[in-house]
Amino acid sequence: FVIAGGSRWSETACAALARFAERFALPVATTFRRAHLFDALHPCYAGDLGLGVNPKLLARIKSADVVVVIGSRLGEVPSQGYTLFDLPGPKQTLVHVFPGAEELGRVFRPHLAINAAPTAFAAALEGLQPPAELRWREETKTAHDEYLAWTGEPTAVPGGVNPGAVMVWLRENLPVDAILCNGAGNFNTWLHRFYRVRRFAGQLGPTSGSMGYGVPAAIGIKRLYPERTVLAISGDGDFLMNGQEFATAVQFEAPIIVLIFDNSLYGTIRMHQEREYPGRVSATVLKNPDFAAYARAFGGFGVTVEKTEDFAGAFRAAQAAGKPAIVHLKVDPEAITPATTLTKLREQALAEQKQ
């Protein structure tokens, strides 16, 4: 199994990794917010090691005989809270490639540690040739099929707007070279699960959980690649960390499209409150502005969406406006992740307290 992550990649290095995976028929996973390192529809792609990960992907990595990690520190998120491998020595044969020698063996003890940047290591892979028989080829195909099934149809959620359905529409209608920039918050769980990144640098997101990253990142990348479709994916609380930068987009005529998934909550914090202290929530409910009117106040385009079926028309209108735009999506606060609701979290936590 191959796990690709971290920084110091290039488009050339990613292409070399894809060729290596093809020659050896190896399944490849990417780490948290590094999905742009491998084409999601490549037959070797198995999914991402982020939040709300596919259980079948975890099982495959844990049962693999050899795991090659390229570029990732194997920190808390990709290692799933340091549970992906046994500590200190994994039962799998672990090959860890990282550009900083101080990280190699810091947490997990690799069988082979390679101090190299992903670009250099990927170039070296070009000279490797596979054995005559690749016994694991069918397993790699199954891993990709499991990824497609996991990301296929959006899960049902309460309310008029289903964020998963929005992401499915985007993946089916955006150009393959579109760039999606996001901040931090539970709204991203739908982005990372249901949108499929196809090109290098097609996703920009903070692995540190920085709220408010999406809009400034989208403005910068749109100035760099004016010919490409650039979206900022934001939550309401996330957007309000740096939402005033929408004025910068208007001033410099950078026609980004901002999708604001507004559930009137600091959703991630509320989720943790309900799970750890059910019924004792504090300072997580938001009284938000009319974000569509906010966009128009700056001279941009703004539209509000309250039903999933209205999203396509609203997005097309935002594209046609030819200027910075905000699509304000009203999401039910109960829709906290693709897998559960706030009420279910609270009820489960209360039941556990009674045990």
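Scanning region 42-72 for residues that are in contact (Cβ under 8 Å) with a residue 60 or more places away in the chain, closer than 22 Å to GLY89 by Cα and charged (D, E, K, R) turns up just one, ARG60. Does HIS192 fit the bill of being modelled with pLDDT of 95 or more and closer than 26 Å to ASP332 by Cα? So HIS192 fits the description; yes. Quick one: PRO333 ticks every box in (1) surrounded by fewer than 16 Cβ atoms within 10 Å (Cβ to Cβ); (2) touching a helix residue (DSSP H, G or I) at 6+ places or on another chain (Cβ under 8 Å); (3) part of a loop (DSSP other than H, G, I, E, B) except a single one, so which number is it? Only one criterion in (1) surrounded by fewer than 16 Cβ atoms within 10 Å (Cβ to Cβ); (2) touching a helix residue (DSSP H, G or I) at 6+ places or on another chain (Cβ under 8 Å); (3) part of a loop (DSSP other than H, G, I, E, B) is unmet by PRO333, namely (1). Taken over region 272-303, the criterion of being within 23 Å of LEU342 (Cβ to Cβ) and buried (at least 21 other Cβ atoms within 10 Å of the Cβ) is satisfied by GLN273, GLU274, PHE291. In region 78-103, the qualifying residues are those that are among the aliphatic types (A, V, I, L, M) and surrounded by fewer than 19 Cβ atoms within 10 Å (Cβ to Cβ), and the one that is nearest to PHE1 (Cα to Cα) is VAL95.
Of all residues in region 195-218, which are touching a Ser or Thr at 6+ places or on another chain (Cβ under 7 Å) and either in the same structural domain as LEU49 (by TED's automatic domain parsing) or buried (at least 24 other Cβ atoms within 10 Å of the Cβ) (or both)?
GLY214, VAL215
The set of residues in region 304-316 being more than 15 Å from ASP236 (Cα to Cα) and either surrounded by 14 or more Cβ atoms within 10 Å (Cβ to Cβ) or under 21 Å from the mean Cα position of the chain (by Cα) (or both) consists of THR308, ASP310, PHE311, ALA312, ALA314, PHE315. Figure legend. Inter-residue proximity from region 78-93: first residues over 15 Å from SER63 (Cβ atoms), second residues not in a loop (DSSP other than H, G, I, E, B), beta-carbon distance below 6 Å, spacing 6+ or different chains. Indicated pairs: PRO78/THR31; PRO78/LEU49. Within region 134-156, restricting attention to residues that are free of Cβ contacts under 8 Å to residues at least 60 places away in the same chain and more than 21 Å from ALA339 (Cβ to Cβ), the residue that is surrounded by the fewest Cβ atoms within 10 Å (Cβ to Cβ) is ARG135. Scanning region 88-100 for residues that are modelled with pLDDT of 95 or more and assigned to a loop (DSSP other than H, G, I, E, B) yields PRO90, LYS91, GLN92, PRO99, GLY100. Looking for whichever is part of a strand (DSSP E or B) and either touching a Ser or Thr at 6+ places or on another chain (Cβ under 9 Å) or not assigned by TED's automatic domain parsing to the domain that holds LEU49 (or both) here; the options are ILE221, ILE233. Which one fits? Within the list ILE221, ILE233, the selection yields ILE233.
Summed over region 235-247, the residues that are surrounded by 18 or more Cβ atoms within 10 Å (Cβ to Cβ) and either in contact with a Lys or Arg (Cβ under 8 Å, 6 or more places away or on another chain) or of a type outside the set (Asp, Glu) (or both) give a count of 8. Of all residues in region 25-71, those satisfying the criterion of being farther than 21 Å from LEU128 by Cα, assigned to a loop (DSSP other than H, G, I, E, B) and of a type outside the set (D, E, K, R) are PHE32, ALA40, LEU41, GLY50, LEU51, GLY52, VAL53, ASN54.
Looking across region 249-268, the residues that are polar (S, T, N, Q) and either outside any loop (DSSP other than H, G, I, E, B) or surrounded by fewer than 20 Cβ atoms within 10 Å (Cβ to Cβ) (or both) come down to GLN251, SER264, THR268.
The values are calculated or read from the model by the stated rules, or taken from the named source; none is laboratory data. These numbers come from a predicted model, not from an experiment. When we count neighbours, we look across all protein chains shown, and the Cβ atoms used for this are built from the backbone with ideal geometry, even at glycine.
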